[in-house]
1. With N residues in the range 166-214, what two-decimal value do you get for its Cα radius of gyration over 2.2 N^0.38 Å?
2. Any idea what diffusion coefficient the chain gets from Stokes-Einstein, in µm²/s, Kirkwood Rh on alpha carbon pairs, 25 °C, 0.890 mPa s?
3. Taking only C-alpha pairs under 8 Å that are 6+ residues apart, what is the relative contact order of the range 4-113 in percent?
4. How far is helix 60-72 tilted off the main Cα axis of the chain, in degrees rounded to 10, range 0 to 90?
5. Work out the FRET efficiency for residue 105 and residue 44 from their Cβ-Cβ distance, taking R0 = 22 Å, and round it to the nearest 0.05.
6. Taking Cα pairs under 8 Å and at least six residues apart, what relative contact order does the range 118-164 come out at, in percent?
7. Relative contact order for the chain using alpha-carbon pairs under 8 Å, separation at least 6, rounded to a whole percent?
8. If you build a Gaussian network model of the chain, linking Cα atoms that sit under 10 Å apart, which residue out of 40, 158, 80 swings the most?
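Taken together, the values in this text are just the output of simple stated rules run on the coordinates, not laboratory data. What you see is a predicted model; the values in this text were computed from it and never measured. Virtual Cβ from ideal backbone geometry, glycine too; neighbours counted across all protein chains shown.
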């Protein structure tokens with residue numbers, strides 16, 4: 001059971017306090033929260049009370065930010081953690097209270113409980129969107145999802161079940177956008193440009209070969 005080891009008033013706001021549990025900063029609290037929960041050094045905090053405290057102090061406010069963030073598009077867990085880390089850093093620069101790891105973990109759990117944060121569903125939506133708008137190949141999609149922090153198992157599952165069209169058809173669609181500007185090029189130069197373009201799109205050599213040698 002974590003124990004309060006320090007309660008320190010904040011430099012820029014004497015009516016708010018930094019609460020340290022087991023020597024680590026965990027959350028900031030206003031005077032009402034400190035009084036209502038009797039937050040004093042030496043007090044042990046049961047887990048159920050800790051979650052309530054964190055929600056009252058920080059998670060509730062951050063949830064409003066998350067609703068705005070997710071209204072734009074779905075996010076992966078890695079993206080959310082990165083967003084919160086960046087937000088915490090900006091607070092630090094302004095000499096404001098940072099966001100503790102415990103708060104981040106609880107917020108992540110709340111987002112999952114509400115169905116907002118789901119890496120499998122995020123990966124499916126990402127693949128569908130990138131296939132439709134960018135005609136991306138499987139290799140590129142795999143790399144993008146990995147950079148978003150998606151587990152290899154989820155990436156393999158999503159790409160294996162993708163129904164966005166065959167790689168060959170998608171490669172042809174992607175190449176069609178370049179045909180007008182390349183139509184007068186000599187055959188070898190056309191094939192070279194086409195290969196480089198489709199390779200950047202993430203298509204495998206075997207797929208590209210079939211498309212440009214038709």
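1. Its radius of gyration relative to the 2.2 N^0.38 Å reference: 1.01.
2. 118 µm²/s
3. RCO, the range 4-113: 25 percent.
4. In the chain, helix 60-72 runs at an angle near 10 degrees to the longest axis.
5. For residue 105 and residue 44, the calculated efficiency is 0.65.
6. 53 percent
7. Relative contact order here is 15 percent.
8. The residue that fluctuates most here is 40.
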